[in-house]
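Enquirer: I have a structure here, written as structure tokens, and I will follow up with some questions on it.
Any read-out appearing in this document is the output of simple, stated calculations on the displayed coordinates, not a laboratory observation. These numbers were taken from a predicted model, which means no experiment stands behind them. Here the Cβ positions follow ideal geometry from the backbone for every residue, glycine too, while neighbour counts run over all protein chains shown.
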Amino acid sequence: MPPTDVTGLLQRWTAGDRSAIDQLTPLIYNELRRLAHRHLRRERRDHTLQSTALVHEAWLRLIDQKQAKWRDRAHFFAVSGQMMRRILVDHARAQQREKRGGGAQILALNEAIDLPRQRSLELIALDDALQDLARLDARQSQVIELRFFAGLSIGETAEALGISKATVNRDWITGRAWLLRELDRRGPVESFSPC
Amino acid sequence: MIALSHMGDTCPWEGLDAGQWNRVREILESALGLGPDRRAAYLAEVCAGDAALRSEVESLIAASERTAFLDRAPLASLAPTMTMTAAVAGRTIGNYRVVDRIGEGGMGTVYRAVDPRLGRTVALKVISHLRGAGEEKLRFVREAKAASALNHPNIVTIYEYDSDHEVDFIAMEYIKGNTLRALLAGHRPPMRTILEYAIQTAAAVGAAHAAGIVHRDLKTNNIMVTDAGTVKVLDFGLAKQAGGGDIDVTQAGATLGTPEYMSPEQAKGEPADARSDIFSFGVILYEIACGRRPFRGNDLPSTLYAVVNETPTPPGTVNPAVPKPLASVIERCLRKNKEERPQSMEAVHRELTSVLEDFGAGAPKRRGLPRRSMIAAGAVAVAAAIAGAVWLPGLHHQRTVTWTILAQQMRDGHPLGEEYVASPAGTFQAGWRFRFRVQSPQPGFFYLIDHGPGAGGAEQLWILYPRNAAGRDREDVAASQQLVTGWYVFDQNPGTERLWILWSEHALDPIRNAPRDPTGEVRDPSAIQRALHYLNQLPPASSTSTRDGVQMRAAGDVLGVPLELRHQ
């Protein structure tokens, strides 16, 4: 897949075209899977494979840097965080639908992103709770999105949002507490029914 | 104050608006910053009369203290790699409540924790990267099994090996004391005392060998000395039970040991046996006797080359005060060919015991007196003489630098009170600012490196000073000039910030030129590894508190001390 296609889709998506993500997702999945396999072949088994680095590498390879016109590094991180959230949550929902016998097709990337059942339920519940947190404090929900879904460090998150690392740290600690408490109150994840 | 009492019991959060959440957050942050013992009083005061608010905050505190799926990025599922976040104070792992982080050991982070069932303090070693059923996990399990099979007063006691939500950990005896490395770097105990530590170490390793267990990573950093003077050997991390086991960890052992203490056969990737430990022990003895390690290179390959090919300067040449029998044991332990080394730890132990006895007597042996009382008689005076300059080599090359931490408390982004001279042993709050003041009678170059608390298990490194090569920060300091750095902020996860203070005779280009982002963070993993390797091979420096600050001294052209600053 030529990089420009991904770039074009991404531009459409960030411009508000919601259908673009449906075409974008499988492309990114495939690239991630390919890279993961390549790394596993090349690296020794006891070598740490940094998944964040992997995702960044996938982005850099897929997207034509000259055309993508990231406003800056921060913008790149922010978009990558949103993307990863969409990809993982959609994937989790698809897995759940399939388990319930729904008609939706699971994308052929289970080898690359094989979420344990518990994990996918957690992701779906988290996604909902994050939307509620965004209503209380939009920035705090972004901090969680970048830290958790995009796997950014505190320093990278601070850079992406243009705030201090101390603020990121505070947002993370209290936001994390709020989310965990919320998920508890909403009942066990096992019985959570998506949609 | 925020009123939450009007909210329904079933969904109290639904009534929470952004303003209320802001207030709850503030209270939550303050409460978490206080530590468990002072929280109740604070909450009683701030939530006076508002039970709903208090229970809201308390439920959030409880949630914040759990380890949860949120601490592992979902991306970890992409590969058979799981990253565990650094556990923070108050979290529970297994049945243990984490108090604070106390260090890094082979493959894992070590926390001080409490077993509430027994009210016992334990050291909890948590593996930072788990690779499913990979080699590292097998090795980790093996460590627990190998070490827990050993029962010796000089080997750390293992209580249990378990896992909690895929997080593997070992609970072991909590040792109040110092590593031998720290003892050699700080106020160096008398030589006689250090030799006694070496003898206890030899006894521990000898006992392990007798049980068929090779340590494989013996170094001053995993020899602990309790405050009562008892040696505890830690980290049978690479131990291999001879004859047993279903995997061969020999291959990986070559890359896992610590290069300065590694035997030539391990450096070449060949199998290690008990005699490899004898070599490593020889490196430790050399360091004790000479004040520096026998094999030192500027980087990993040159250190490994030295281990494999170079004969170290004889101990008697480095320090003429080293007794001949001690120099002889050291030289034989360090033979490249393992057949030429002493063939058992027991033999080394015997020789050292006799060195100690001659050393204590300081005069021709008087027959007829029991040896023990003879040693006691001469020990005090001799130890006092020996502990001085004779055994501390290279004093004529000594460099000195005095540093102070200036701290500023902050609230809501504004300074609170005056800047003050902070004790490095104190606990700082997130958001507080601090800076360093340095001065030396000699001209030199100053560097400040932050190894971070390493959240997420990854190694992180910031060059705090100079901020960047082209910036305003100048690392060169004239004699007696006072250098004051810019402000830094404690802003990472609560924990212990590991800083390195470096004072050098010449500019340290690898540090000055390391690629980094505007915050000073070095992101290139290989650059981080090189920097850490460089720091860890620096010769030990001693630190003393003076009226003007902490004075550090050491022989050699680069002086470096690690410093741990706790913050909440």
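Enquirer: Which entries in the list B:145/B:232; B:145/B:338; B:176/B:268; B:176/B:336; B:125/B:336; B:145/B:176 go over 29 Å, if you measure between the two C-alpha atoms of each? Intermediate values should be presented prior to the final figure.
Expert: Working: B:145/B:232 17 Å; B:145/B:338 27 Å; B:176/B:268 36 Å; B:176/B:336 36 Å; B:125/B:336 34 Å; B:145/B:176 23 Å.
The answer is B:176/B:268; B:176/B:336; B:125/B:336.
Enquirer: Sort B:542, B:354, B:423 by Cβ crowding within 10 Å, fewest neighbours at the top.
Expert: Values: B:542 17, B:354 14, B:423 11.
Least to most surrounded, the residues fall as B:423, B:354, B:542.
Enquirer: Now for a separate question. Which trypsin sites (Lys or Arg not before Pro) in segment B:516-559 pass both tests, a DSSP loop state and at most 12 other beta-carbon atoms within 10 Å?
Expert: In loop regions of segment B:516-559 (DSSP not H, G, I, E or B), the sparsely surrounded trypsin sites (Lys or Arg not before Pro) are B:547.
Enquirer: Sequence-distant or interchain residues sharing an amide H contact under 5 Å with residue B:461, placed H: which?
Expert: B:522
Enquirer: Still on this structure, I have one more. Taking every residue in A:139-147, how many Cβ atoms of other protein chains lie within 10 Å of its Cβ, on average? If you can, show how the numbers build up before the last one.
Expert: Numbers: counts 0, 2, 0, 0, 0, 1, 0, 0, 6.
Counting Cβ atoms of other protein chains within 10 Å of each residue's Cβ and averaging gives 1.
Enquirer: Return B:487, A:13 ranked ascending by Cβ neighbour count within 10 Å, so the fewest neighbours appear first. Please list the in-between numbers first.
Expert: Details: B:487 13, A:13 20.
Going from least to most buried by this count: B:487, A:13.
Enquirer: Taking 0.36 nm per intervening residue step and subtracting the Cα-Cα distance, what contour gain separates residue B:532 from residue B:479 on full extension?
Expert: Full extension from residue B:532 to residue B:479 adds 16.3 nm.
Enquirer: Using the Karplus equation 6.51 cos²θ - 1.76 cosθ + 1.60 (θ = phi - 60°), what ³J(HN,Hα) coupling, rounded to whole Hz, does each residue of segment A:175-181 give in order, writing x for Gly and Pro?
Expert: x, 4, 4, 4, 5, 5, 5
Enquirer: Now for a different question. What are the ³J(HN,Hα) couplings of segment A:7-12, residue after residue, when phi is run through the Karplus curve with 6.51, -1.76, 1.60 and θ = phi - 60°? Round to Hz, x for glycine and proline.
Expert: 4, x, 4, 5, 5, 5
Enquirer: Can you work out the Karplus-derived ³J(HN,Hα) for every residue in segment B:342-352? Use 6.51 cos²θ - 1.76 cosθ + 1.60 with θ = phi - 60°, whole Hz, and x for glycine or proline.
Expert: Couplings: x, 8, 9, 5, 4, 5, 5, 4, 4, 5, 5 Hz.
Enquirer: For residue A:164 and residue B:270, what does the FRET efficiency come to when R0 = 56 Å and r is the distance between their Cβ atoms, rounded to the nearest 0.05? Could the numbers behind the result be given before it?
Expert: Working: r = 51 Å, r/R0 = 0.91.
Plugging the Cβ-Cβ distance into 1/(1 + (r/R0)^6) gives 0.65.
Enquirer: Could you work out how much longer the chain between residue B:62 and residue B:163 gets when fully extended? Use 0.36 nm per residue separation minus the Cα distance between them, nm to one decimal.
Expert: Numbers: separation 101, 0.36 × 101 = 36.36 nm, distance 2.15 nm.
Using 0.36 nm per residue and subtracting the Cα-Cα distance, I get 34.2 nm.
Enquirer: Across the residues of B:429-439, average count of Cβ atoms on other protein chains within 10 Å?
Expert: Details: counts 0, 5, 5, 1, 0, 0, 0, 0, 0, 0, 0.
Rounded to a whole number, the mean comes out at 1.
Enquirer: Separation between the residue B:358 and residue A:11 pseudo-spin-labels, each 7 Å from Cα along Cα→Cβ, expressed in nm?
Expert: Between residue B:358 and residue A:11, the label points sit 8.3 nm apart.
Enquirer: While we're here: Averaged over A:162-172, how many beta carbons belonging to a partner chain fall within 10 Å of each residue's beta carbon?
Expert: 4
Enquirer: How far, in nm, would the chain grow between residue B:226 and residue B:414 when pulled straight, counting 0.36 nm per residue and subtracting the alpha carbon separation?
Expert: Details: separation 188, 0.36 × 188 = 67.68 nm, distance 4.31 nm.
This chain segment gains 63.4 nm when fully extended.
Enquirer: Points 7 angstrom from Cα along the Cβ direction at residue B:564 and residue A:132: gap in nanometres?
Expert: 4.0 nm
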